[in-house]
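Taken together, the values in this text are just the output of simple stated rules run on the coordinates, not laboratory data. Since the structure is predicted, the reported quantities are computational estimates derived from the model, not experimental observations. Counting neighbours? That spans all protein chains shown, and the Cβs are built from the backbone with ideal geometry, glycine included.
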Amino acid sequence: MAKAKIRTAETKDREELVEMRLQMQHHMEASNPRVWHVTIEGRQGFYTEVDEMLADQDGEIIVAEADEGLVGYTYGRVAHRANYTPGGVGFINGIYVQEHLRRRGIGTRLIQELCRFFKTHSVEEANLRYVLGNREAEGFWRSLGFKPVLQTANTPLEALERRLKRRPKQSKPYKQMF
Ligand SMILES: CC(C)(COP(=O)(O)OP(=O)(O)OC[C@H]1O[C@@H](n2cnc3c(N)ncnc32)[C@H](O)[C@@H]1OP(=O)(O)O)[C@@H](O)C(=O)NCCC(=O)NCCS
């Protein structure tokens, strides 16, 4: 296969972007069963999501195009704020490369291009989220120097209530706590 072309997404890419967005969702759900699963209604919403991404003045979708069509994409958007430092942050809100073309540098080239977009918008730091247990994402982001800083956690409310009903431990006298 000839080297995939990296370019900015256009309106004509809509259908293929929605399909890859769905594949990325499937991949995340398969990586960790505790991830929220998208509903049929949610899938329909991917069209709106992609349309908003395509129209985003503060964001950019980068695609990788091969003879067979689009084989990957990433989407990032910039935010500038005064209440935290760094002020200029580039949020990477998804990346996907078709499974049969992974480990050939396409993901890295997509991020290189997104990085150029971030640079022209005075971004100081790149930020993203990935699912724990997503081995591809863990390896990929680690290779680019990303380090985890936050962890989200979930439990069904019923399980939480069961635990809360257990007899609480006797609180220790103040002195023994230190
Ligand atoms: C994550 C993903 C985009 C990487 O794309 P890619 O084109 O395969 O990435 P590259 O070929 O540029 O890989 C660059 C480096 O990342 C690391 N890496 C990539 N995939 C890896 C894996 N499965 N396990 C461990 N390290 C990995 C390696 O260091 C790799 O360099 P190497 O191949 O020379 O060892 C791709 O695996 C993918 O689409 N995964 C499914 C969707 C997904 O998880 N998206 C992330 C959501 S946050």
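Some observations on this one:
- Failed item in (1) closer than 15 Å to residue 8 by Cα; (2) out of contact with any strand residue (DSSP E or B) (no Cβ under 7 Å at 6 or more places or on another chain), with residue 76 passing the rest: (2)
- Scan of segment 129-154 for residues that are free of Cβ contacts under 8 Å to residues at least 60 places away in the same chain, in contact with a helix residue (DSSP H, G or I) (Cβ under 7 Å, 6 or more places away or on another chain) and aliphatic (A, V, I, L, M), ordered by number: 144
- Scanning segment 27-48 for residues that are assigned to a helix (DSSP H, G or I), within 16 Å of the ligand (Cβ to nearest atom) and farther than 16 Å from residue 71 by Cα gives 28, 29, 30, 31, 46.
- Within segment 111-153, considering residues that are part of a helix (DSSP H, G or I) and within 25 Å of residue 82 (Cβ to Cβ), the one farthest from the ligand (Cβ to nearest atom): 120
- Count - residues of segment 95-114 that are small (Gly, Ala, Ser) and surrounded by fewer than 21 Cβ atoms within 10 Å (Cβ to Cβ): 1
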